[in-house]
Amino acid sequence: MFARRHPFLFFILIFSAICAGSVIALSLIFSSDRDVVHGDKVGIIEVTGMISTSREIVADIKRFRENESIKAIVLRVDSPGGGVGPSQEIFRELRKTVVEKKVYTSMGSVAASGGYYIAAATDGIIANPGTITGSIGVIMGYTNIKEIMDKIGLVPVVVKSGKFKDIGSPVREMSDAERNLLQELVDRIHSQFVNDVAEGRNIEIDKMKTLADGRVYTGDMAMEAGLVDRLGNLEDAVEWAGREAGIEGKIQTIYSRKEKFTILEYLLGASLSELFEESMRSKISGGFIYSPDPAS
């Protein structure tokens, strides 16, 4: 009766129900749990791009560590480095994990600076011959625009609580005292970097210091220097990890879930704030970084 009396409204209701059902079905498909692979397996955690946050990676490491069906973990690194804090947090979580499970690193096109830092926390590293790695060091940089300010007649006015509060200001020259203070901080963070990778790689501190002068290495050069154990691709790393963990026969793999928005969330706009936060995080990730280039 309702359909006969209000055909247009009935059509809208049916069409809306079909659209809603399609969206929910697609959302379930694309956000389904990929942990349903049965049997012993190797978990793969991907670290790509700048390391600006550690939350998702640390969560993935912990989840794989606590999953009894995952016998080994492969960290797939394709990163030029990133923030000091996030890199150290990932390094620490990996060091806690290698006590319980085998963890190996597969290097992609680049695994430098912070990318090498986290790789050094694992049981072994495998790289391609042409992988760009190394760059073990710390860098801080900014652009000084004092001369431009002088030319256009702008005079900055600063009120501060201490003489170092505006250290690194781009609108004035840096004093010797400020440069010495920043150099001390860079040296301290670099020392932490060297000590951690030396421990992770079981290399003497003195030898690591000679390798940690900021230079980059190809994968084969890194293996000659003791920074990498083997040459090979991701499949080789999975095979290595699986056999070391005692898996026999064909090795099954499972990738960590990406905690990104689902189609349903996208259509409803639920994750717009997350997208905005991620965008802003990438813009303001300055300061001290483990990266070959402060502008990267």
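Please treat every number below as a calculation from the coordinates, not as lab data. Being a predicted model, the structure only gives us computed values, none of them experimental. We place every Cβ from the backbone using ideal geometry, glycine too, and count neighbours over all the protein chains shown.
Arrange the following residues from fewest to most other Cβ atoms within 10 Å of their Cβ: T253, T210. Could you put the intermediate results ahead of the total?
Numbers: T253 16, T210 9.
Neighbour counts put them in this order, fewest first: T210, T253.
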Put in order of increasing Cβ neighbours within 10 Å, starting from the fewest, Y217, Y116, Y142 give Y142, Y217, Y116
Summed over the other residues with a beta carbon less than 15 angstrom from that of V155, with K and R at +1 and D and E at -1, the charge totals -1
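Using 28 Å as the Cα-Cα cut-off, could you pick out the over-long pairs in K62/K209; K96/K165; K71/K207; K96/K209; K207/K250; K102/K250? Mind dumping the intermediate values first?
Values: K62/K209 31 Å; K96/K165 37 Å; K71/K207 33 Å; K96/K209 25 Å; K207/K250 39 Å; K102/K250 18 Å.
Result: K62/K209; K96/K165; K71/K207; K207/K250 exceed 28 Å.
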So, with points 7 Å from each Cα along the Cβ direction, the Q183-R92 label distance in nm works out to 3.0 nm
Amide H contacts under 5 Å for A111, restricted to residues at least 5 apart in sequence or on another chain and with H modeled in the peptide plane, are S79, I132, T133
Stretched fully, the stretch from E173 through E56 gains (0.36 nm per residue minus C-alpha distance, one decimal, in nm) 38.2 nm
Ranked on Cβ counts within 10 Å of their own Cβ, fewest leading, K101, K160 go K160, K101
Taking alpha-carbon centroids only, the stretch 146-188 lies from the stretch 39-67 a number of Å equal to 39 Å
Here the stretch 116-257 gives, from Cα atoms, an Rg and Dmax in Å of 22.4, 73
